[in-house]
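Remarks on the structure that follows.
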Amino acid sequence: SSFPRALEKPYYTTSPIFYVNAAPHVGHLYTMVLTDILKRWQVLQGKQAILCTGTDEHGMKIQQAAAKANIPPKEFCDLTSQRFLDLAERAGLSYDHFVRTSDEDHKEAVQYFWYMLKTRGYIYESKHQGWYCVSDETYYPETMIEKRLDPQTGKTFMASQETGKEVEWSSESNYHFRLSAFKDRLLEFYKENPEFLVPTTRMNDVVQSVSAGLEDLSISRPVERLSWGIRVPDDPSQTIYVWLDALVSYITKAGYPWAPGKQSAGGWPADVHVIGKDIVRFHCIYWPAFLLALDIPPPKQILAHAHWTLGNQKMAKSTGNVVNPLFAIDRFGIDVMRYYLAHDGGIKNDSDYGNNLIVERYKKGLQGGLGNLVSRITRPKIWSVRKSVEAARDGTLRRGAKYTKQHAAMLSDLARLANGKMEQLDPGAALQLIMDAVYDTNKYLQNCAPWALAKTQDIRPRRSGVEDGGETVRRSPWLVARSEEVKEANQIADDIVEKHAEPHDLNQDRIERTVFHCAEAIRIVGILLQPYMPTKAAQLLDMMGVDESRRTFDYARLDADYTYGMPKSAPGRHDYDSLFPPLSVEK
Ligand code: ME8
């Protein structure tokens, strides 16, 4: 379109904002990495993109944690918020905003949001009774709680059926949001946007629970109960419910409250909120209802991923069943962690975390797959990537031979197919396709075996009348074993002998063709891996001598670039070793 790029709404993606009641774990890193891959994929395509992450600092849970630690709440939040910020840095998260719900601009956004809801008549005051769960920061209806036994103390307690977390009876006066008024509008919205929640299978629960009827939502608590939070405007005796506060953070950094017509400049509506499956209700029911109430467009999509487990139990700070992501990054390096989390992390189903699995993925995919391919193509002295690329540029490479045709088709489709997976918000599936291209290329290389061709000078069979000069055709044992290859070579030889008077150096031709195709595979894969492993992919593209201006999505196809193959400095042995070195855990 002729619409100037600068005026287009930037792609806007968010991670959840993290509770600061405990230190970050690998589950948080996962959600950050998924969000970052989605953003970087857009950037790869030349689009403007914004990523917002941050910390969720108010509410009973934090208030209690701070009290327990005997630290004033704000100081307590500063400490843990900093740890999430550190993690974002270490994770290579390309965030544009780090929102803290204790920030002044956020507080103003929440109070304005509340004020608008109130002005439009969606907020009223009444007595509220119910079972509140501090750990989940939500009320549960009578039908969703049960009696449980604590095996340690032998005492019984009331708990959420869904999460098993303790609930307590509360009876108090507070403000309510008319959620019940949104049943039809929400159902209509879901119908019009069947891919609002991905995976779409999670949508059934949402539709079911909305269809069953919605109760109005308690959105404040008396200050005596909850003081750590944002005050209700015009009523300092009440504190705003932490989830209303937290959800608004998504628009705070997009510039809310907006001047007329300005909402898209900050990225709103969000393209994707990435969240864990545990917080679907808040994002798919409450959040669109709040926004619809103010005629603000809801986010376009929600990606709700599954959980990491450890010993098949959900990784959660409340149980202490967690892996410290900073230790994992120290041990394996961030790019390897990003690769592993994207590769093995569940969208539909939970995944169990294991160091042995990280080592396995590393050895197979990165060292044995990609690293091996790169070193087999760029290291040998008997051919040159640059020369092959030049031959391709000059049109002197012959095409259409058996293995090459298939391989070329794969390389031509790869970027488009991977993008299709990304559009379905499935970075893991896209990564699988990219890695399959690596494995296929290794097979292609094995089949073509240019190293064997380099050893035989000429594989043309004797033909009567053509070569009676007593020249012996040297055939390596390898060529005899691969009679298919020989047949193919003979076919080419016949063609050439028919078409050209001059004999052609067939082996040279075939070697260059093979090397070029492998180099193309590495170049294309390197481009597409950038969102997953920003540092390693850049290192790889440097080694291939791919110009920095030619690393965008448009170049991720066969024959899109004939300028590479000459790295600024010739890679030495240490470059290959530093690309995918033996893991320190193996040493
Ligand atoms: O829920 N596996 O914060 P939170 C995968 N503050 N991902 C996991 C995980 C696991 N075991 N555990 C946590 C909150 N996560 C709210 C969000 S948003 C307006 C407010 C991920 O710190 C998952 O994405 O408890 C989850 O949604 C997120 O961390 C935040 O968890």
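Please treat every number below as a calculation from the coordinates, not as lab data. All figures in this text were calculated on a predicted structure; none of them were measured in a lab. So basically every Cβ, Gly included, is an ideal-geometry build from the backbone, and we count neighbours across all protein chains shown.
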Aspartates and glutamates near Lys155 by alpha-carbon distance under 16 Å, same-chain residues fewer than 8 away left out - which ones?
Glu146, Glu166, Glu168
Toward the positive end of the charge dipole of region 188-229, about the Cα centre and with charges on Cβ (Lys, Arg +1; Asp, Glu -1), which of Pro199, Ile219, Phe189 goes farthest?
Ile219
So, with +1 on the Cβ of K and R and -1 on the Cβ of D and E, and no other charges, what is the size of the charge dipole of region 209-266 about its Cα centre, to the nearest 20 debye?
300 debye
Roughly how far apart, in whole Å, are the Cα centres of region 172-250 and region 280-308?
10 Å
Expressed as a whole number of Å, what is the distance separating the alpha-carbon centroids of region 419-441 and region 341-364?
15 Å
If each DSSP helix of 4+ residues adds -39,500 (n - 2.57) and the sum is divided by the residues in the chain, what number results at 222 nm, nearest 500 deg cm²/dmol?
-13500 deg cm²/dmol
Anything over 20 Å Cα to Cα? Flag those among Lys118/Lys262; Lys277/Lys536; Lys39/Lys253, in the order listed.
Lys118/Lys262; Lys277/Lys536
Return the lysines within reach of Lys381: Cα separation strictly under 19 angstrom, same-chain partners fewer than 8 residues apart disregarded; answer none if there are no such residues.
Lys455, Lys568
Given charges of +1 on the Cβ of Lys and Arg and -1 on the Cβ of Asp and Glu, with all other atoms neutral, how large is the dipole of the chain about its Cα centre, in debye to the nearest 20?
1180 debye
Excluding same-chain residues fewer than 8 positions from Lys107, which aspartates and glutamates have a Cα within less than 13 Å of its Cα?
Asp56, Glu57, Asp245
Counting other beta carbons within 10 Å of each Cβ, put Met435, Met566, Met533 in order, fewest first.
Met566, Met435, Met533
What is the magnitude of the charge dipole of region 155-245 about its Cα centre, with +1 placed on the Cβ of each Lys and Arg, -1 on the Cβ of each Asp and Glu, and no other charges, expressed in debye to the nearest 20?
140 debye
Order of 360-373, 73-86, 42-55 by packing, highest average Cβ count within 10 Å first?
42-55, 360-373, 73-86
In terms of the charge dipole of the chain, which places +1 on Lys and Arg and -1 on Asp and Glu at the beta carbon, the residue among Tyr532, Gln432, Met543 farthest towards the positive end is Met543
Fewest to most neighbouring Cβ within 10 Å: what's the order for Trp258, Trp131?
Trp258, Trp131
Could you put Asp150, Asp440 in order, starting from the residue whose Cβ has the fewest other Cβ atoms within 10 Å?
Asp150, Asp440
